[in-house]
Each structure stands twice: as structure tokens, then as C-alpha cells.
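Encoded as C-alpha cells, the structure appears first; notes follow it.
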């Protein structure tokens, strides 16, 4: 059965692949599962039909027969459990790959989102100049710890997994921050993710939505 | 094999069960798995031995034979996959329970932690009085959405699951905020979690650590 995901009708990142549908598209491409996309507007995301599918009014969602899911992490894990290629077969290695999925979303992403949100919501506030270094410091704290753990390894734990996939998408949110340049091994890790054919197919698919919407 | 978890030697919450080892203790109690606890000081958490186990220098960790995990969400999921009682058997219901685990940690917890951190780090700043309503607003946004989804149901999706377990522990962080009182069904949801015998055993175990450490 072909699953259907939702994505922004008009992505606020202008096709840079930073919206959370990118994670799900990439996972589906890695395992070779075709999918359909239903685009939703910001207005539709707040309406009852979408809220029945996603109580927090966001994208992506995932529908497959009677199953409806939200939360990009849960959707990627569901895909990884149903297809080979995103989780190791060895039980301990599999548990560690899932650990990195949670680490990406629960430990690394929150300070990155915080910094991003302050850039939108607090840039014109008197305190922004004093808060930004605090926010940068929190992000650097996590990046430094992650960088030390990754070291010279190619991926976070053995071969490429859903943990790497989520971590790359989380780190990409910093691409214009100037912070990643301080951690060359993390920048190289992101580049390895972006070089994967499945990543490139997913990126092209989400960019095509933006290009079409903007009449480009 | 008896797993070993780590917990704070001296919990900053003074035994209120808000540290993340509580989630793992509760999960282990729900499935009837005995466990051992190794207490770590704040100084030890930043040293190489602990960082080898947890690259982000936090608790809890989980060791079982050759497997070592960090991230409370990943540990709870690992326990739930290895024992009956925390995930439904039906595949779709299981995927939805895992979805609620991610929702608790990725969507509901971040604005709660933000608000909490500002209370520690920014209380003496000139901007705190203006920022607090913004932070409260973000928390209320999530609580309102969660409250509408839960409605009059007992748990988030059918029977009690690891998703409810994590959501209860996340919401408990707001217990002194005054915000939960605005959502009676969420307050009742938390109370149902706290009334479970497994929760009470886990709570007593973490409180005993604080009581012993404080010479009480």
C-alpha cells in the first residue's frame, strides 16, 4: 500500500529541505518505498480535518491503510521497522541506532530550534543581543559533545542508520548559522548524508514543490 | 541479566521524581524487571568515564551486558520492546504508542523545559517579566492541543502504554507552574499515572536516594 504524507503547500524555508517532511521523504527513499504527498496550507493545518490527523497542527503526517501517524521521529522509526536498510539487524546495534534517533530529536534539536525561534520572534527585542550568545552557547555545548563522540567516524555507530538520518536533518537547520564551521567533523558528517542518492532524491522532490508553488 | 541505570547522587529536584531516571525506573517497575542503580555526582557526570557512557553528560544511562544506552526515551522503548506491558501487541496500536513517546519528548517537553530553564537562568534579567508570558503561551498552546486530543479518555490511545508513561513524566514538570490547573483532564491524566503501583514504587525508590543523601 502506498503511504501518503503531508507537507507544506508553501514551505517557509523556500525549498531548502529544512521542514520535517524531508526526514520522512529521505527515509522512504532509503528503503525504496514510493509515496504520495498531500500538500496543506497554513490555514488548513489549523482546521479540524488536519487536527484530527495531527493534534499539534503540524506536518508531516503519514497515512497507510488504517494507520495514521504524526511525529517525524515516530514515522521514520515505523518505516525503519517495516523495511530493511535503516536499522541494524543486531539487537544491541539496533537499540543504539534508535538511541541516536531520540538523541537527535530530544537532546540536539531543542537548543537549535530555540535559537531559530528567537531569531524569528525576538530579533526586534532589546534583549536579543544579550540572549543570542546564551543561545549560541547552548547549541555549541551540544555540538561540541556530539563532535567529540563522532570523532573521525563516518556515522554515529557503525553503518548509516535512521539515527544518522535524523541527526543530519537536525544539524542542517544550522547551515546558515556559522556555527557548524567550528566543527569540521560535523560538517563532513552532514555532507556525507547530503551526498546519499536517497537524500538527493528526497531533496529534489521537496524542492519541486516549492518551485511549482512559486511559479519558478 | 539485571540492568544498571544511573541517577543523580543528589537530585536537584529534592526527590520530587522529576529527574529523567524516574521514567526508566517507572518503566522497569511496570514490567517487573529488577534493576540496580549507580549514583553519579555532577562532577562525575562531566568526567571521561561517564562521558564514554553518555556523550552529553547526563543521566540516566542503562547498561545490560554488552549494551549501553543513554536517552530516557530510547531506554524506555528498549524496555517496552523486551517485556510485555508497555506497548500494544497490535502493530498499528504499537506504532501509535511509540508516536506518543516521540510526541511527549519532541513536541510537548521542549517548551516546558524552556520555561523551566528561563526560570533558572533568566529570572534576574530585565527581560524576564516580558518573556515569561511568551514562554507560558507556548506551553499553553501545547497543553491546549493535548487536552483537546485526550478529551475524556483515560489514556492517549486505548490502554496505558509507554507513550502515556513518558507524557505523564513530561507534564509533571509543570506541577508547581499553576498551568496544569487550567486543563482538568490533563491533571486527571497525571493523577491516573501517579496512582499506578509501578509509579509509586519508582517514586519511592528515587525519593529514598534523596532522603539518604540529605541525611533525612
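The values are calculated or read from the model by the stated rules, or taken from the named source; none is laboratory data. Quantities reported herein were computed from a predicted structural model and do not represent experimental measurements. For neighbour counting, all protein chains shown are included, and Cβ atoms are generated from backbone atoms with ideal geometry for every residue, glycine included.
Scoring residue A:159 on the criteria (1) touching a residue at least 40 places away in the same chain (Cβ under 8 Å); (2) in contact with a helix residue (DSSP H, G or I) (Cβ under 8 Å, 6 or more places away or on another chain) leaves a single failure, condition (2). Any residue at all in the stretch A:75-93 that is in contact with a strand residue (DSSP E or B) (Cβ under 7 Å, 6 or more places away or on another chain), surrounded by 17 or more Cβ atoms within 10 Å (Cβ to Cβ) and not assigned by TED's automatic domain parsing to the domain that holds residue A:155? Checking the stretch A:75-93: at least one residue is in contact with a strand residue (DSSP E or B) (Cβ under 7 Å, 6 or more places away or on another chain), surrounded by 17 or more Cβ atoms within 10 Å (Cβ to Cβ) and not assigned by TED's automatic domain parsing to the domain that holds residue A:155.
Looking at the structure I just gave you, is residue B:171 within 14 Å of chain A (Cβ to nearest Cβ), out of contact with any strand residue (DSSP E or B) (no Cβ under 6 Å at 6 or more places or on another chain) and within 20 Å of residue B:18 (Cα to Cα)? Quick ask: steps written out before the conclusion?
Numbers: within 14 Å of chain A (Cβ to nearest Cβ): no; out of contact with any strand residue (DSSP E or B) (no Cβ under 6 Å at 6 or more places or on another chain): yes; within 20 Å of residue B:18 (Cα to Cα): yes.
So residue B:171 fails the test.
Which of the residues spanning the stretch A:57-74 are in a loop (DSSP other than H, G, I, E, B), facing chain B (nearest Cβ under 9 Å) and crowded, with 17+ Cβ neighbours inside 10 Å? So that I can check it myself, show each step before the final result.
To start, the set of residues in the stretch A:57-74 that are in a loop (DSSP other than H, G, I, E, B) comprises A:57-60, A:65-66, A:71.
Subset that is facing chain B (nearest Cβ under 9 Å): A:57-58, A:65-66, A:71.
A:57, A:58, A:71 - these are the residues of the stretch A:57-74 that are in a loop (DSSP other than H, G, I, E, B), facing chain B (nearest Cβ under 9 Å) and crowded, with 17+ Cβ neighbours inside 10 Å.
Filter the stretch A:101-118 down to residues that are more than 7 Å from chain B (Cβ to nearest Cβ) and free of Cβ contacts under 8 Å to residues at least 24 places away in the same chain, then give me how many there are. Looking only at that region, the number is 2. Residues being touching a helix residue (DSSP H, G or I) at 6+ places or on another chain (Cβ under 6 Å), outside any loop (DSSP other than H, G, I, E, B), surrounded by fewer than 22 Cβ atoms within 10 Å (Cβ to Cβ) and in contact (Cβ under 8 Å) with a residue 12 or more places away in the chain are entirely absent from the stretch A:18-26.
For the stretch A:119-144, a tally of residues being buried (at least 18 other Cβ atoms within 10 Å of the Cβ) and either within 20 Å of the chain's Cα centre (by Cα) or more than 9 Å from chain B (Cβ to nearest Cβ) (or both) returns 4.
From B:162, B:188, B:213, which residue is modelled with pLDDT under 95 and either out of contact with any strand residue (DSSP E or B) (no Cβ under 8 Å at 6 or more places or on another chain) or farther than 18 Å from residue B:30 by Cβ (or both)? Residue meeting the stated conditions: B:213.
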